[in-house]
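See below for the structure under consideration.
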Amino acid sequence: MELWFTEKQTKDFGITMRVKRTYVSEQTNFQKLDMVETEEFGNMLLLDGMVMTTEKDEFVYHEMVAHVPLFTHPNPKKVLVVGGGDGGVIREILKHPQVDKATLVDIDGKVIEYSKEYLPSIAGKLDDSRVDVQVDDGFMHIAKSENEYDVIMVDSTEPVGPAVNLFTKGFYEGISKALKDDGIFVAQTDNPWFHQDLIRNAFRDVKETFQITRLYTANIPTYPSGLWTFTLGSKKYDPLEVTEDRFHDIETKYYTPELHRAAFVLPKFVKDLTE
Ligand code: SAM
């Protein structure tokens with residue numbers, strides 16, 4: 001009997017994948033969590049029926065969330081990840097030797113637990129000595145933080161359920177307060193095919209909060225539409241002005257210094273969302 005998983009990316013369009021087996025299917029205190037093995041993309045984490053990460057294509061998202069801000073900041077020592085319980089962004093952050101401490105704040109401890117068990121290539125660095133894992137609401141953590149972080153990455157689920165507060169202007173203002181006076185923030189801001197208003201509003205709110213605001217993209221086949229965006233807000237450093245000497249060698253499969261620049265070149269229909 002063939003088993004297929006379909007994510008409805010809109011009410012009329014979806015992505016479907018053949019599933020080999022289901023490891024976990026559990027309602028946590030915050031969301032429905034499924035961990036499955038797929039034929040095409042290896043093990044895959046789903047939250048509330050949405051693809052979060054897969055063993056095959058996870059590197060694109062995790063490298064692009066982490067290395068763009070970390071190569072833009074000249075000396076990032078303290079980094080915060082809001083969400084990110086699968087551990088992929090933390091794994092990429094630790095490739096930067098200047099980073100003394102990476103704090104992860106995910107609201108759902110079950111995501112961390114099952115990612116460690118079924119996604120070891122992604123979650124394998126969560127126990128590193130430089131990592132501080134906290135199970136808490138990222139919104140509350142930001143509200144309690146002031147002048148603390150060099151870089152903040154928001155690796156959250158979509159603005160529904162527990163993440164609904166993480167796409168508000170108030171949250172971006174809280175992030176600005178939690179950052180040091182030359183800090184940088186980046187958030188995943190969904191896709192320009194089905195969520196133009198989310199991108200338009202997030203960019204507007206970040207632009208009203210930070211001195212420098214940039215949008216960049218990456219190709220992620222298992223995310224809705226395959227074209228993903230990231231919104232970056234910076235108090236001082238411009239990701240487009242990173243000089244060659246800043247790029248030290250790290251092991252990647254997607255990010256390169258050339259791609260760092262190219263990712264900010266936007267198709268016209270996407271650029272229009274930033275104006
Ligand atoms: N890369 C994925 C994406 O772009 O959709 C996100 C992956 S990561 C697993 C998303 C995480 O955000 C989940 O583990 C979820 O528990 C967490 N999350 C949702 N709302 C949160 C909140 N208010 N505070 C902290 N973490 C939250």
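The values are calculated or read from the model by the stated rules, or taken from the named source; none is laboratory data. Given the structure is predicted, the values throughout are model-derived calculations rather than measurements. In this analysis, Cβ positions are derived from the backbone assuming ideal geometry, glycine residues included, and neighbour counts consider all displayed protein chains. These area figures cover heavy atoms from the full protein model, side chains too; ligands, DNA and RNA do not enter into them. Shrake-Rupley method; radii C 1.70, N 1.55, O 1.52, S 1.80 Å.
Treating only the Cβ of Lys, Arg, Asp and Glu as charged (+1, +1, -1, -1), what charge dipole size does the chain show about its Cα centre? Round to the nearest 20 debye. Can you show the working numbers first?
Numbers: 31 positive and 46 negative charges, 89 e Å.
Using Cβ point charges on Lys, Arg, Asp and Glu, the chain gives about 420 debye.
When DSSP assigns beta bridges and you keep just the ones with both residues in the chain, what percent turn out antiparallel, to the nearest 5?
Roughly 65 percent of the beta bridges in the chain run antiparallel, per DSSP.
What area, in nm² and to one decimal, does the C-alpha convex hull of the range 153-275 cast on average over all directions?
That works out to 8.1 nm².
Structure shown: which of Lys125/Lys180; Lys101/Lys207; Lys101/Lys235; Lys11/Lys236; Lys101/Lys236; Lys11/Lys56 lie over 30 Å apart, alpha-carbon to alpha-carbon? Don't skip to the answer; put the middle values down first.
Working: Lys125/Lys180 26 Å; Lys101/Lys207 28 Å; Lys101/Lys235 21 Å; Lys11/Lys236 41 Å; Lys101/Lys236 21 Å; Lys11/Lys56 26 Å.
Where the Cα-Cα span goes over 30 Å, the pairs concerned are Lys11/Lys236.
Before rounding to the nearest 500, sum -39500 (n - 2.57) across all DSSP H runs of length at least 4 in the chain and divide by the residue total; then give [θ] at 222 nm in deg cm²/dmol.
Taking each H run of at least 4 residues, the total per residue is -7500 deg cm²/dmol.
What is the range 3-52's relative contact order, in percent, from Cα pairs under 8 angstrom and six or more apart in sequence? The partial results should precede the final answer.
Numbers: 91 pairs, mean separation 13.4, N = 50.
Relative contact order comes out at 27 percent.
Give me the net charge for the shell around Leu45: Cβ to Cβ below 10 angstrom, other residues only, Lys and Arg +1, Asp and Glu -1.
Overall, the nearby charge balance is -4.
Per residue, how much accessible area does the chain have with a 1.4 Å probe, in Å²? All intermediate terms of the calculation are to be shown ahead of the outcome.
Working: 11670 Å² over 275 residues.
Roughly 42 Å² per residue, with all protein chains present.
What dipole magnitude, in Debye to the nearest 20, does the range 45-128 give about its Cα centre under +1 on Lys/Arg Cβ and -1 on Asp/Glu Cβ?
With only Lys, Arg, Asp and Glu charged at Cβ, the dipole is about 380 debye.
Return the single residue from Val24, Val154, Val81 with maximal mean-square fluctuation; model: Gaussian network over the chain, springs between Cα atoms under 10 Å.
Val24
In the chain, with Lys and Arg counted as +1 and Asp and Glu as -1 at Cβ, which of these residues, Pro192, Phe30, Ser121, has the Cα nearest the positive end of the dipole, that is, farthest along it?
The residue sitting farthest along the positive end of the dipole is Pro192.
Rg over Rh of the range 3-52, using C-alpha atoms and the Kirkwood radius, what does it come to?
0.97
Sorted from largest down, give the three principal axis spans of the alpha carbons of the chain, whole angstrom values.
Projected onto the principal axes, the Cα atoms of the chain cover 56, 44, 36 Å.
Roughly how many Å is it from the Cα centre of the range 123-190 to that of the range 223-275, as a whole number?
Here the two parts' Cα centres lie 19 Å apart.
Dipole size in debye (nearest 20) for the range 106-237 around its Cα centre, Lys and Arg Cβ +1, Asp and Glu Cβ -1?
Details: 14 positive and 21 negative charges, 108 e Å.
Dipole size: approximately 520 debye.
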